[in-house]
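Below is one structure; the comments refer to it alone.
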Amino acid sequence: MKLRRLQLNDTVHLLPNLFTAANFVLGIRAITLVLKGDGYYDMAASCLMLAMLCDVMDGLVARLTNTTSEFGAELDSLADLVSFGVAPAVMVYRQSLIIYDAAHWRGPAHVGFLICAVYAGCAALRLARFNLHTVEESTSFIGLPSPAAAGVIAAYFMLVESGLLPQAWTDVATHWLLPFITAALGILMVS
């Protein structure tokens with residue numbers, strides 16, 4: 001009986017894309033956890049941290065297996081937009097900014113929505129610009145990476161949900177500091 005050698009050349013191209021798909025699914029899961037209610041922010045933040053790990057792994061596996069492609073780069077950017085652009089914006093909106101849009105007085109019109117739109121829009125611009133960069137530009141700083149910005153927001157939620165901060169500090173930070181941090185992170189991504 002003759003043993004046949006497995007041909008893994010075609011399946012090796014799937015490995016980085018599987019990590020990218022996991023990144024995307026974790027971003028969607030973070031959004032759905034936040035929409036469930038207040039008790040799920042720590043799990044949503046953990047999903048974002050795992051999505052960051054998957055984002056690192058997809059690039060690493062693609063380079064190690066020499067399977068980088070334009071398709072993989074575009075798919076990675078779309079997954080990053082969901083996980084590191086939209087999911088953190090939804091988390092911040094649901095926890096902190098919804099009160100600005102739901103108030104009867106609505107002082108500054110829909111400020112909560114605008115802050116989230118700035119953050120997610122800047123993440124989209126950052127990822128689009130990253131996909132278009134040339135080899136010469138790759139040695140220069142082109143703004144805060146979107147996973148790092150999402151990591152700051154996820155770390156905030158992990159810290160708040162851990163109970164290490166007094167409730168008074170948590171309330172002030174959530175309603176006054178977090179909106180400014182979110183807007184600043186968005187602007188830093190395109191700086």
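The values are calculated or read from the model by the stated rules, or taken from the named source; none is laboratory data. Just so it is clear, the structure is predicted and the values come from calculations on it, not from any experiment. No Cβ is skipped: glycine too gets one built from the backbone with ideal geometry, and neighbour counts run over all protein chains shown. All accessible areas refer to the heavy atoms of the entire protein, side chains included, with ligands and DNA or RNA removed. Shrake-Rupley method; radii C 1.70, N 1.55, O 1.52, S 1.80 Å.
Below are the figures for this structure:
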quantity: Complete set of residues in the range 93-119 that are at pLDDT below 85, farther than 12 Å from A183 by Cβ and assigned to a helix (DSSP H, G or I); calculated: I98, I99, Y100, D101, A102
quantity: Scan of the range 28-70 for residues that are farther than 12 Å from M91 by Cα, hydroxyl-bearing (S, T, Y) and crowded, with 21+ Cβ neighbours inside 10 Å, ordered by number; calculated: none
quantity: Residue identified as hydrophobic (A, V, I, L, M, F, W, C), more than 10 Å from the chain's Cα centre (by Cα) and at negative phi among A44, A30, A89; calculated: A44
quantity: Hits in the range 143-191 - residues which are assigned to a helix (DSSP H, G or I) and among the polar types (S, T, N, Q); calculated: S146, S162, Q167, T170, T174, T182
quantity: So E74, is it of a type in the set (D, E), open to solvent by 30 Å² or more (accessible area, probe 1.4 Å) and at pLDDT below 90; calculated: no
